[in-house]
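Undergrad: Attaching a single structure in C-alpha cells format; questions to follow.
Read-outs throughout are calculated quantities, based only on the coordinates presented, and are distinct from any laboratory measurement. Fair warning: this is a prediction, and the values are worked out from it, not measured in the lab. Cβ: placed from backbone, ideal geometry, glycine included. Neighbour counts: every protein chain shown.
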Amino acid sequence: MHRTCLKSLSNLLHRREISSQELTRIYLERAARYNPVINAFITLTPEHAMEAALAADQRLQAGSAGPLTGIPVAHKDIFCTDGIRTSCGSRMLDNFPAPYNATVVERLQDAGMVMIGKTNMDEFAMGSSNENSYYGPVKNPWDTNRVPGGSSGGSAAAIAAGMAPVTTGTDTGGSIRQPAALCGVTGLKPTYGRVSRYGMIAFASSLDQGGPITHTAEDAALILNAMCGFDARDSTSADHPQEDFTGELNRPLEGLRVGLPREFFDSRLDPGIGGLIRDAIRRLEQSGARLMDIDLPHSALSIPVYYVVAMAECSSNLSRYDGVRFGYRCTNPENLLDLYCRSRGEGFGDEVKRRIMIGTYVLSAGYFDAYYLQAQKVRRLIRDDYRQAFNSVDVIIGPTTPSTAFKLHEKTADPVSMYLSDIYTVSVNLAGLPAISIPAGFLNGLPVGMQIIGNHFSESRLLNLAHRFQLETDWHLARPGAYA
Amino acid sequence: MVLEKEKVEGIARLARLELKTTEIEAYSRDLSRILELIEEMKGVNTADVAPMEHPLEIRARLREDQVTETDQRGKYQALAPATADGFYLVPKVIE
C-alpha cells in the first residue's frame, strides 16, 4: 500500500476498498517502526490522525469527499499546527504548541487529508544536511551514514522510506529540491507567492516558499491544487487565478524549448552527475524537446548574494524570539538584557547564531550599502539573466546538486563548504521562480536529481515535463532496499 | 576580511546573543570565512542598477480598516514563560 501513488490511493478510498483509518494505521505503523533509525519525525500525532481519519471515512461514506480526502500527510515542523508542538527544529520552540494553524495546514485539512506528524528539519530551516536540528540529524534511507539534505530533510526522507505518502516542505534556497534530489524523490518549489506563508515560521521572507514532496510529479500536481491559492493573511500572497495543475500533465513535449545553462555544467559538477543529467536531457530531445545552450552570467554570484539577503532577513525575523511572550526562557535572569541574551544564546544553535550575527553585521551602520544594498542590486542582475533566458526558452534544465548525498559530519566543520552545496538552487529563490527536482538516475547507489526551472507561474509546464519524463523512466519508482 | 574577537563580541551584543568566551574564537573564524565568501560580489559594477526588494516586485496591498482579529489574550498568554493579571512578566526594569 505504501508504494501506491496518490491517484490510486484516492480511487481505493473512494471505492471503499480501504478505509482512511486502515491507510492511516499503515503509515503510522511504518513511521513508528523506522523513525528510531531515520529520525524523519520530530512528533508523531497518532491520536489526532485517527480522529481525522474517522472524519474522512465519514465524508467518504457520505459522498462529500474530495480527491485528497483520507490520505495521510506529514508537515514540516515549520508549519504551525494548532495545539501541537511546532518546534522549527529548535530548542527555542521545543515547548511551543502553536495557537493556530498555518494556511497550508488548514487547506490540506479542509481537503480531508490526515496529518500523521511533524517532520524533522534544520533549525529554523537553516542548513543543507539536516544536521542542525535540535532533535538530531535525519539519516538518508539510501545510506544511513549519509545526510538526507536539508532543510526539509525529514520530509524527503519520510517519502523515500515510505513513512508518509506526501509531505510538505519549505524552500528558501533549495530546502525542498536539494533533499528531494539526495533522497531520490520529487520536490516542487512553487513561484514565490503561490503558497501562503501565513503560519509558516519565517526565515527569509522574500525567499521562503512552501511546496510538496512526493514520489511523482502527478502526486505533486494533486497536492499543489489544494496547497496554493490567494490568502489575504499573507501580505505577499500572489492574487493569481486558481488552476488545475493536473490538467496539462500529458501534453506532448514537441517543440518545447529547453535551455541548458553553461554555468550549471562546469567543473564544480560531479562528472558522474553531469553524465546522468545529459542522458536525461537526450531522452527529452527524443520526445521532441528542442535543446539550446544558454548563459546565466551572474550565477556565480548567487551564493554570496543569497547569503547576504537570507542572513539579513533572518536576523530581523528571529529578533522576535526574546524569551518574553513564548518559547525558551533562560533560568534566573539577572535583568532584562540578561534575559534576552541568555534566552537567545541558549535557545538557538550554532548555525542560527552565525547567520543572525552575519545578518546583524551586514545591516549595521557603515556596512549596509556595501553588503545589503549591493546584494539587492546584484539580485536584480541575477533575475534579469533569467528574464533574458526566458525570452528564448520555455524551461531551463540542469542538475539539482553538485554532488550526491554526502557523509554525516563531512561538512559540519566548515559552514562555507556546506553553503556551496546550494550552488544550483539559490538563484531560483532570488528570482522568485518555480522549480522542481525529479529523480534522474543513480550514481554509486545514490540518487541524482534533475532540476527543471520555469518562468513565474509556469508550474503546470514543469509538472507536465516531469510527468512525461516519469512516464518513460522508472527512477522515481526505485525504493531503498531496507524500506521497500 | 577578518572579524576580530572584539568585533564578534560587539555584533553579538547588538544581536542580543550571549556567547561563551570559549566559543568566540570559533565564531570569529567561521564568520570571517563567511564574509570572505560574501565579498565576492563586491567587485560587480552596479552603479546603474536599482536594488531589488521583492522577487515579483509587487506593491503592498491595502485593506479596509476593519477589525478582523478577536481578543485571544488568554490563549496566547498560556504559552508565555511568566504572566500575571494579563501582563507578561520580565525582570524589574525600573527601580
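Undergrad: Tell me the relative contact order for region A:113-205 as a rounded percent, counting alpha carbon contacts under 8 Å between residues six or more apart.
TA: 24
Undergrad: Of A:A204, A:S87, A:A280, which is farthest on the positive side of the dipole of chain A, counting Cα position, with +1 on Lys and Arg Cβ, -1 on Asp and Glu Cβ, and the Cα centre as origin?
TA: My answer, from the dipole projection, is A:A280.
Undergrad: Which percentage, to the nearest 5, of the DSSP beta bridges contained in the protein assembly as shown is antiparallel?
TA: 70
Undergrad: Check each of the GluC sites (Glu not before Pro) in region A:318-377 and keep only those in coil by DSSP with at most 11 other C-beta atoms within 10 angstrom; list them in order.
TA: Those satisfying the criteria are A:E334.
Undergrad: Give me the distance between the Cα centres of region A:243-257 and region A:69-108, rounded to whole Å.
TA: When both Cα centres are located, 33 Å separates them.
Undergrad: Separate question: Projected onto the charge dipole of the protein assembly as shown (+1 at Lys/Arg Cβ, -1 at Asp/Glu Cβ, origin at the Cα centre), which of B:L62, A:G162, B:I94 gives the Cα projection farthest towards the positive end?
TA: A:G162
Undergrad: How far is the Cα center of region A:114-171 from the Cα center of region A:25-56, in Å?
TA: Measuring centre to centre over Cα atoms gives 15 Å.
Undergrad: Normalised by the residues of chain A, what does the relative contact order come to in percent, with Cα pairs under 8 Å and at least six apart?
TA: It rounds to 18 percent for chain A.
Undergrad: Now, a different point. Between A:D338 and B:R29, how high is the FRET efficiency from 1/(1 + (r/R0)^6) when r is the Cβ-Cβ distance and R₀ = 35 Å? Nearest 0.05.
TA: E(calc), rounded to 0.05, equals 0.85.
Undergrad: Something else: Could you work out how far apart the two model spin labels at A:H409 and A:K7 are, taking each label as a point 7 Å from the Cα in the direction of the beta carbon, and quote it in nm?
TA: 4.6
Undergrad: Calculate for chain A the 222 nm mean residue ellipticity that helices alone would give, adding -39,500 (n - 2.57) per DSSP H run of length 4 or more and normalising by residue count, nearest 500 deg cm²/dmol.
TA: -11500 deg cm²/dmol
Undergrad: If you keep only loop residues by DSSP, which GluC sites (Glu not before Pro) in region A:195-261 have at most 15 other Cβ atoms within 10 Å of their Cβ?
TA: Hits after loop and neighbour filter: A:E254.
Undergrad: Using the C-alpha atoms of chain A, what convex hull volume per residue, in cubic angstrom, is computed?
TA: With only Cα atoms used, chain A gives 137 Å³ per residue.
Undergrad: With 10 angstrom as the radius, rank A:V258, A:V308, B:V2, A:V114 by how many other C-beta atoms surround their C-beta, starting from the fewest.
TA: Ranking A:V258, A:V308, B:V2, A:V114 by Cβ neighbours within 10 Å, fewest first, gives B:V2, A:V258, A:V308, A:V114.
Undergrad: Which order results if A:S235, A:S460, A:S287 are arranged by neighbouring Cβ count within 10 Å, fewest first?
TA: Listed from fewest to most nearby Cβ atoms, that is A:S235, A:S287, A:S460.
Undergrad: What does the net charge come to around A:V114 if you take all other residues with beta carbon closer than 15 Å to its beta carbon, with K and R at +1 and D and E at -1?
TA: -2
Undergrad: Given the C-alpha centroids of region A:423-484 and region A:346-400, what is the distance between them in whole angstrom?
TA: Distance between centres, Cα-based: 23 Å.
Undergrad: Could you tell me the calculated FRET efficiency between A:Q242 and B:K7, based on Cβ-Cβ distance and R0 = 60 angstrom, to the nearest 0.05?
TA: Once the sixth-power term is evaluated, E becomes 0.75.
Undergrad: Counting other C-beta atoms within 10 Å, which of A:D82, A:D279, A:D208 has the fewest, and how do the rest follow?
TA: A:D279, A:D82, A:D208
Undergrad: At what distance in nm do the modelled label points of A:F442 and B:R61 sit from each other, each positioned 7 Å from its Cα along Cα→Cβ?
TA: 4.6
Undergrad: Please give the charge dipole size of region A:151-243, origin at the Cα centre, charges +1 on K and R Cβ atoms and -1 on D and E Cβ atoms. Round to the nearest 20 debye.
TA: 200
Undergrad: In debye to the nearest 20, how big a dipole does the protein assembly as shown give about its Cα centre with +1 on each Lys and Arg Cβ and -1 on each Asp and Glu Cβ?
TA: Around 660 debye, computed over the protein assembly as shown.
Undergrad: Can I ask one more? Tell me, in nm to one decimal, what length is gained between A:R278 and A:R59 on full extension, where the rule is 0.36 nm per residue of separation less the Cα-Cα distance?
TA: Result for the pair: 74.1 nm of gain on full extension.
Undergrad: Something else about it: So if we plug the beta-carbon distance of A:V37 and B:K42 into 1/(1 + (r/R0)^6) with R0 = 45 Å, what FRET efficiency do we get, rounded to 0.05?
TA: Efficiency at R0 = 45 Å is approximately 0.50.
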